Ligand code: NAP
Ligand code: G4F
């Protein structure tokens with residue numbers, strides 16, 4: 001039985017990845033940073049909270065990572081932990097750099113010092129493309145990050161590559177484009193919208209305040225994307241891969257779909273709030289997943305429309321439960 005250590009186990013991707021690995025027969029250990037009061041709600045939602053083992057630690061504390069790796073002896077480490085909200089990275093640029101950037105180096109060092117045979121997955125991000133240098137972004141596209149978060153992710157990305165080249169370690173970066181689900185945090189725009197739709201339907205909210213609704217993203221379903229993480233670590237050689245749908249849509253398009261699913265018109269509720277605009281925006285992202293398709297046999301299964309419907313349905317169901 002293989003053992004996997006997942007950092008960011010309490011986040012969206014951590015929960016879906018844990019479910020996938022448990023199904024594949026792995027022993028799954030999650031690094032638990034004890035940040036939120038109900039940290040395990042996503043794992044409970046997927047009915048796996050009691051199947052996962054937990055180990056206390058923090059990505060900013062190298063000694064905790066070394067202790068955990070020595071104790072649990074993982075075969076694979078999936079580094080998903082991060083301060084992952086781009087908007088907050090302007091408010092907390094130093095914390096973001098410490099967790100999202102330096103945290104990656106801590107984990108790489110912990111592995112190098114304990115057992116450099118451990119396979120390592122780094123959660124890199126399309127946010128690194130930022131001010132896009134090519135209309136469609138692939139593994140060859142130059143990076144131009146636009147947020148402290150993007151800069152921190154780029155540091156982690158290059159460190160991951162550097163440890164592969166310097167120490168011959170099995171380190172992979174997944175350059176994942178936006179992926180969403182009913183387990184998405186409420187601060188991200190898709191879930192903010194689908195949650196608002198559900199609240200509007202039951203009369204708990206009468207407007208939705210958003211920032212730049214012309215921004216476009218290549219949006220996929222998180223449940224599909226965690227499969228690609230696992231596939232990367234099963235290859236004969238470590239490498240970096242873009243994971244995306246190859247389609248892009250605006251925040252406005254997403255609002256239209258979400259509201260119309262509940263029989264509403266988004267224009268009747270939307271208020272543009274200049275406070276929600278970012279100091280520097282990523283206007284458009286569109287990924288080319290050809291390499292992942294060819295080498296991993298991976299492709300996105302869930303369409304954008306299906307994804308948003310899934311999220312609205314889940315939020316409506318939650319609202320009825322309350
Ligand atoms: P998420 O829901 O925000 O989860 C982040 C996780 O990191 C949480 O479990 C959080 O724990 C943990 N964490 C934060 N600071 C930590 C620290 N100092 N030490 C240990 N754990 C810490 O993020 P996600 O959407 O699942 O994304 C997973 C990863 O993929 C992130 O690295 C993100 O940047 C990256 N990524 C995401 C997307 C996307 O569209 N979702 C796209 C590209 C890349 P608490 O719950 O205790 O706060
Ligand atoms: O949902 P978002 O906050 O996601 P963003 O910034 O694209 O970042 C997500 O995807 C990255 C991959 O590209 C990840 F690396 C990162 O960890 C995270 O998961 O915002 C999407 C777009 C932005 O252009 C933002 O300006 O929506 C725009 N937006 C407009 N109004 C809003 C809002 N975003 C948020 N969060 N809230 C709004 O009210």
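Read-outs: derived from the displayed coordinates by stated rules, not from any lab. Remember, predicted model here, so these are calculated numbers, not experimental data. All Cβ positions, even for glycine, are placed from backbone atoms using ideal geometry, and neighbour counts span all protein chains on display.
Observations, loosely collected:
- Taking the C-alpha atoms only, the angle from helix 222-233 to the longest principal axis of the chain is near 20 degrees.
- From largest to smallest, the equivalent ellipsoid semi-axes obtained for region 64-210 from the alpha-carbon gyration tensor read 32, 19, 14 Å.
- Kirkwood estimate for the chain, i.e. one over the average of 1/r between Cα atoms, Å: 20.0 Å
- Nearest 10 degrees, 0 to 90: helix 189-201 Cα axis against the chain principal axis: 40 degrees
- Paramagnetic reach from residue 205 (point 7 Å along Cα→Cβ, amide N under 14 Å) across region 282-322: 311-320
- Distance between region 156-191 and region 57-97 - C-alpha centres, whole angstrom: 12 Å
- Descending principal axes extents, region 99-175, alpha-carbon based, whole Å: 41, 23, 16
- Efficiency of FRET from Cβ geometry, residue 322 and residue 98, R₀ 30 Å, rounded to 0.05: 0.25
- The angle between the Cα long axis of helix 62-72 and the longest principal axis of the Cα atoms of the chain comes to about 70 degrees, rounded to the nearest 10.
- Rg/Rh for region 140-190, where both radii come from Cα atoms and Rh is the Kirkwood radius: 1.07
- Relative to the globular-protein estimate of 2.2 N^0.38 Å, the Cα radius of gyration of region 191-313 stands at 1.24.
- At an R0 of 30 angstrom, the distance between the Cβ atoms of residue 112 and residue 301 translates into a FRET efficiency of 0.25.
- For region 270-322 versus region 3-22, the gap between their alpha-carbon centres in whole angstrom: 20 Å
- Convex hull volume per residue for region 124-259, taking Cα atoms only, in Å³: 118 Å³
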